[in-house]
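Working notes, beginning with the structure itself.
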Amino acid sequence: MEKGKKLSTRSLIFVGMFAAVLAVLSQLSIPMPSGVPITLQTFAVALTAYVLGWKLGTAATVVYVLVGAVGVPVFANFSGGAGVLVGMTGGFIWGFIFMVLLCGLGLVQKNKILLVVLSAAGLAVCHLLGIFQFMAVMGMGFVPAAMAVSVPYLIKDVASVIAAYFVALAIRRALSAANLAYEL
């Protein structure tokens, strides 16, 4: 989107659609003893970044967070409200904004190494924010919190980010073939 250019109807539709994708994939959830469920949120966030890029992807993720903050049950296990954002899983939700931003920035660099580095950094920021908020809420140290809410999820989350990239390639090709592609 060029500076000064208004947001197009198509862009608004993509932002809304991907906010909805985030909400739907958040509901596919497996409860865990730590209280932080296994979900497809990481996949959804990376997919949003890789399809929409950093600007629209961040907008879609912020819309998702704001909709959840006002109480719409879009977070995992049909939860919503500001309490979730300050609760034990809230750090991950805040981390999604940074993750989509960094993954999207990696995509527009047109350099595979930067894409991998920025995607890994986005996932790391998301996990670190999740760990720190879990530590604060649960009164735990860094290592026990990381062992409870980050380490067991790392393989799944790395695989989710990789899978999201390849799914996004297919989606972007389909959008291009339908003449619905846009500049990142």
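The values are calculated or read from the model by the stated rules, or taken from the named source; none is laboratory data. Predicted model only: the values in this text are computed from it and were never measured. Here the Cβ positions follow ideal geometry from the backbone for every residue, glycine too, while neighbour counts run over all protein chains shown. With ligands, DNA and RNA removed, areas are computed over all heavy atoms of the protein, side chains included. Shrake-Rupley method; radii C 1.70, N 1.55, O 1.52, S 1.80 Å.
Residues considered: V116, V51. Of these, the only one that is among the β-branched types (V, I, T) and out of contact with any Lys or Arg (no Cβ under 9 Å at 6 or more places or on another chain) is V116. Scanning region 132-149 for any residue that is within 24 Å of C103 (Cα to Cα), of a type in the set (A, V, I, L, M) and free of Cβ contacts under 8 Å to residues at least 12 places away in the same chain turns up nothing.
Of all the criteria given as (1) in a helix (DSSP H, G or I); (2) over 16 Å from F43 (Cβ atoms), the one not satisfied by C126 is (2). Look at region 157-184: where a residue is farther than 19 Å from L56 by Cα and in a helix (DSSP H, G or I) and a partner is at pLDDT 95 or above and of a type in the set (S, T, N, Q), sitting 6+ places away or on another chain with Cβ atoms under 8 Å, you get D157/T42; S160/T42. Among the numbered conditions (1) farther than 17 Å from T61 by Cα; (2) in contact with a Lys or Arg (Cβ under 8 Å, 6 or more places away or on another chain), the only one that G104 does not meet is (1). Working only within region 127-182, note down all residues that are open to solvent by 60 Å² or more (accessible area, probe 1.4 Å) and acidic (D, E). Hits for region 127-182: nothing passes.
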